[in-house]
Every structure is written in C-alpha cells, then in structure tokens.
Amino acid sequence: MQKIPKRVSTALINALAAGVVPRIGLEHIAVGRELEISAIAQDLENISEGGAGFRFVVGRYGAGKSFMLQLIRNLAMEQGFVVADADLSPELRLAGSKNQAVATYRELMKNIATRTSPKGGAISLILEKWTSGILSQVAQTTGKRPGEEGFDDQVELKIREVVDHLEGLVHGFDFANVIIAYWRGYREDNQDKQDNALRWLRGEFSSKTEARTALDVRVIIDDETWYDYLKLWAKFASDIGYKGLIVLLDEAIHLYKISHSRSRQSNYDRLLAMFNDTMQGKAEYLGVIIGGTPQLVEDKRRGLFSDEAWRTRLAKSRFHQDGLQDYSGPVIELEPLTSEQLSQLLQRLIEVHAQHFKYQSPLGLAEIEDFKQEVTNRLGADKLFTPRELVRDFMSLLNILQQNSQVDFRDFIHSPEFKLEAVEMNHHADEFAEFTL
C-alpha cells in the first residue's frame, strides 16, 4: 500500500471506528464498486460537456450509500468540478413553507468545495480565484497594471462577458448583478459590499428589503427559487473554468418520513421537477445525486412509487434479472459486497492501521477468514450485518490487539466476551423500519 499522510489515516481510523464515513482517504479502502463508479464517471464526462445528470444511489442502512456518495464527491473534485453536499433532515427538505428548502440550499453553499478547497466553504475562494485570474489576464493583454487608468474598466468588461451568459436563465439577471457587486467591492476594497454579496449568494438574506438596501437587488433566494440558483451556479462554474456543479443529497429517507402527506408530496414534486430538468436537458453542467434506501423508492404507500409519475420513471425494465443491473438507469442499487470483496476490504484496513501505528500486523488472510466466519456464526447469517457494522467491529478489534500485545487473536475472537453488533431488527410493524420480520 502506498504511504498515506498521517492526517488522512487519522481521519480514516477515527471515522471508521465510529461507524461514520470519512471525508478523505476513501480511495485507500474502496473495494467492489467499480461498475458503479464507472457509470458515474461517464455521467461526469457528459456533464462536463454541457449535459446534466440525475441518479439515485439506493441501498439499505449501512450498505455503503454514504461511502459511495463521498467517493463520487472526491472523484468529481479531482476532475475539476465544484461539489456541494448536504444530508437531508426534518429541518432540511426540498420544499417547504418555513425555510426548510432554503435551509438545504444554505447547507449546500456552506459545504461547497473544490479540489483546492476540499473542506467546504469555498464560495469566496472561487470568486477570488476567478477575479484574480481576470486581473492577470487583463494585465497581460493590455500591458496595464491595477490602478492605472482604464484597467478596472477592462476587468469589468471581462467579468460582464461571463455574467451576461447567465441573464437568459431564470433569476440570472439578479445573480449576475450580485457577482458584479462582489467585483466592485473587491475593486473598491469595500469588505462590506463583498460580504453582502457572499451572504446573498449563500441565501442568507431573510427579506427583499434587506437585500435591496444592501445590494440594490430586489429578490432573495427562498424556498421556491433555491433550485433555480443551483442551475445558475452550475452554469457560472462552467463559465469560470470548472467543469460544472455536482450536488449530492444524502439521507433522502427523511422525505419518506414526512408524516403530512401533502408536505411529503410537495417534496416529491420538487424532486420530480429536478429530475425532469436534468433528464430533459433543461439544466446544463449540473449533476444531482440522491442517497436513499429501497423504501424511499419502492414503497407504494408513501415512497416515490406511490406517485405514478415517479413509478413510471424509476420502475425496473421488464428485461431486468437478478444479478444484472442497467447502470445507465436513474437508480443505482448497491449490491452486497461479495465474500472476496469483504476480505479485500478488511485486508486494506489492516494495512492502513499498521501503517498509521507503525507496527507489523500479524493478521493475514487466514485470520480475516476466521473473523468473518465468527461473525457469521454469531449473527446467524451473512446477511445480518452490513459493511458498516463489520468495519466498525474489525477496527475495534485491531485497536485492542495493537494496544494489548499479550492478547492472542484467535483466543480473543472465539472467547465468549467477544461481542459483535448486528443490524437492529425491528419485530414490530414500524412504518419506518428498515427491516421487518
């Protein structure tokens, strides 16, 4: 295994031991998703050429949805896209009347990231890099320096060449004016004007009066319009040198959990509008990827399949067979990892752990198979655990063995004290249960 920076291995070990998905370093432990990643890579190529894409990544709890979305996020950044991700929740929705939808937009803007700013909060850096590039370009083509007569006028002309492309889109005129306001704040060294422009772009103004006073703009980003601004961001990102915008929304099961049927349907309708926009070519340079469980899609009582418009778009082809999947369709179903892939995953975890703590691990393939067999024996069947539970238990085991050199691997895992956590099985008819008996 190639040498992993300490900060990356630290994030991997801490996150996996806690049962959460790391934000960085996933490429060091990813196994068994080659076909899915290949399909997404084709989507990214199409989007970079001016197309749009929409995908559901579907799998049961702990099966690797969030891991897959983070892999996509990192892949898109590496290829030169702007990415924005958020986890949906009762407070973060796609439609609402109490700022739940614009709250989702704000979360996306908070997490917006690029290859050079992967942790998020990259809006100001994107704009600074762009304006700095235009300053350099004007200086080279005119021979003038910042501050000389006519220099700022040439810069503003270059900026308008970009933002003029946005004015034909819905709300493009106001978006363009805010970008211009940001530039003028930059030129005048007016930090308040720059900050107000950034606040508007992040959807943080609560009233039109406030926006008009601060920026002379008569609209704000709200629950009804937030998706239009994602389309503007996608086009703008492409125009200033990025390949487009990739939006990742995880935990979409929270839409399914909305108890009020009309509110739930409003969110499904907004999702359908986004789906139609991207699939029909109305959006450019935009990719939307939704992470959810099979219930969200297939439940005919309150899932997407309760809506005929959704059912006809997402239903499997009559040619679908078990073991065969059409990776060009809108739904990517995450199949369980095979036994061989699980072994490969655990082997990579051993290598990451040993490299991080600088020791020679005594565990090999035989010990990995012994561990997997013990898991199967104790939990009853190999489908009663998911990669999340398996990885969390294995990381705990590695930590114990590394910190207690006197402990023998086989004696420990075969001892009655060695405990494994199965996926919680709900024995009641809970409408939100992932599994029922």
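Side notes on the structure shown:
- Residue match in the stretch 322-339 (condition: part of a helix (DSSP H, G or I) and modelled with pLDDT under 90): yes
- One residue stands out in the stretch 46-72 among those that are assigned to a helix (DSSP H, G or I) and within 28 Å of Val8 (Cα to Cα): the one that is most open to solvent (accessible area, probe 1.4 Å), namely Phe67.
- Any hit, the stretch 234-255, residues being of a type in the set (A, V, I, L, M, F, W, C), over 26 Å from Leu71 (Cα atoms) and touching a helix residue (DSSP H, G or I) at 6+ places or on another chain (Cβ under 8 Å): no
- Check on Asp250, in contact (Cβ under 8 Å) with a residue 60 or more places away in the chain and within 21 Å of Leu94 (Cβ to Cβ): yes
- Residue in the stretch 316-328 that is surrounded by fewer than 17 Cβ atoms within 10 Å (Cβ to Cβ), of a type in the set (Phe, Trp, Tyr) and touching an Asp or Glu at 6+ places or on another chain (Cβ under 9 Å) present: yes
- Candidates in the stretch 91-108 are the residues that are of a type in the set (A, V, I, L, M, F, W, C) and touching a strand residue (DSSP E or B) at 6+ places or on another chain (Cβ under 7 Å); of these, the one that is most open to solvent (accessible area, probe 1.4 Å) is Leu92.
- Note on the stretch 191-219: among residues that are open to solvent by 20 Å² or more (accessible area, probe 1.4 Å) and part of a loop (DSSP other than H, G, I, E, B), the one that is nearest to Asn177 (Cα to Cα) is Asp216.
- Residue within the stretch 79-90 that is more than 22 Å from Asn267 (Cα to Cα), surrounded by fewer than 20 Cβ atoms within 10 Å (Cβ to Cβ) and modelled with pLDDT of 95 or more present: yes
- The stretch 120-139: number of residues that are in contact with a Lys or Arg (Cβ under 8 Å, 6 or more places away or on another chain) and either at pLDDT below 95 or open to solvent by 30 Å² or more (accessible area, probe 1.4 Å) (or both): 6
- Among residues of the stretch 163-190, those that are under 22 Å from Ala234 (Cα atoms) and open to solvent by 10 Å² or more (accessible area, probe 1.4 Å), counted: 11
- Cβ-Cβ under 6 Å pairs, at least 6 apart or on other chains, the stretch 369-386 side under 17 Å from Pro336 (Cα atoms) and among the hydroxyl-bearing types (Ser, Thr, Tyr), far side surrounded by 15 or more Cβ atoms within 10 Å (Cβ to Cβ) and at pLDDT 60 or above: Thr386/Gly62; Thr386/Ala63
- Looking only at the stretch 140-162, residues that are open to solvent by 30 Å² or more (accessible area, probe 1.4 Å) and assigned to a helix (DSSP H, G or I) come to 10 in all.
- The residues on offer are Thr213, Thr209, Thr278, Thr225, and the sole one that is touching a Phe, Trp or Tyr at 6+ places or on another chain (Cβ under 6 Å) and polar (S, T, N, Q) is Thr278.
- Taken over the stretch 230-257, the criterion of being more than 17 Å from the chain's Cα centre (by Cα), open to solvent by 10 Å² or more (accessible area, probe 1.4 Å) and either aromatic (Phe, Trp, Tyr) or under 20 Å from Asp299 (Cα atoms) (or both) is satisfied by Tyr242, Lys257.
- Scanning the stretch 237-256 for residues that are β-branched (Val, Ile, Thr) and outside any strand (DSSP E or B) yields Ile240, Ile253.
- Enumeration of residues in the stretch 258-279 that are touching a residue at least 60 places away in the same chain (Cβ under 8 Å), open to solvent by 10 Å² or more (accessible area, probe 1.4 Å) and either in contact with an Asp or Glu (Cβ under 9 Å, 6 or more places away or on another chain) or within 24 Å of Gly329 (Cβ to Cβ) (or both): Asp269, Arg270, Phe275, Asp277, Met279
- Of the set (1) over 25 Å from the mean Cα position of the chain (by Cα); (2) part of a strand (DSSP E or B), all apply to Gly287 but (1).
- Scope the stretch 180-209; condition closer than 15 Å to Met109 by Cβ and hydrophobic (A, V, I, L, M, F, W, C); matching residues: Ala197, Leu198, Trp200, Leu201, Phe205
- Residues that are among the charged types (D, E, K, R) and modelled with pLDDT under 95 within the stretch 91-114 comprise just one, Lys98.
Yes or no, residue by residue, for (1) over 22 Å from Phe67 (Cβ atoms); (2) modelled with pLDDT under 90; (3) of a type outside the set (A, V, I, L, M):
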| residue | (1), (2), (3) |
| --- | --- |
| Leu363 | yes, no, no |
| Lys372 | no, yes, yes |
| Thr386 | no, yes, yes |
| Leu390 | no, yes, no |
| Leu397 | no, no, no |
| Gln402 | yes, no, yes |
| Asp430 | yes, yes, yes |
| Glu434 | no, yes, yes |
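- Asp189 being free of Cβ contacts under 8 Å to residues at least 12 places away in the same chain, of a type outside the set (Phe, Trp, Tyr), over 25 Å from Lys98 (Cα atoms) and out of contact with any Phe, Trp or Tyr (no Cβ under 7 Å at 6 or more places or on another chain): yes
The values are calculated or read from the model by the stated rules, or taken from the named source; none is laboratory data. Please read all numbers here as calculations on a predicted model, not as lab measurements. A quick note on method: Cβ atoms are made from the backbone with ideal geometry, for glycine too, and the neighbour counts reach across all protein chains shown. Just the protein is used for accessible areas: all its heavy atoms, side chains included, with ligands, DNA and RNA removed. Shrake-Rupley method; radii C 1.70, N 1.55, O 1.52, S 1.80 Å.
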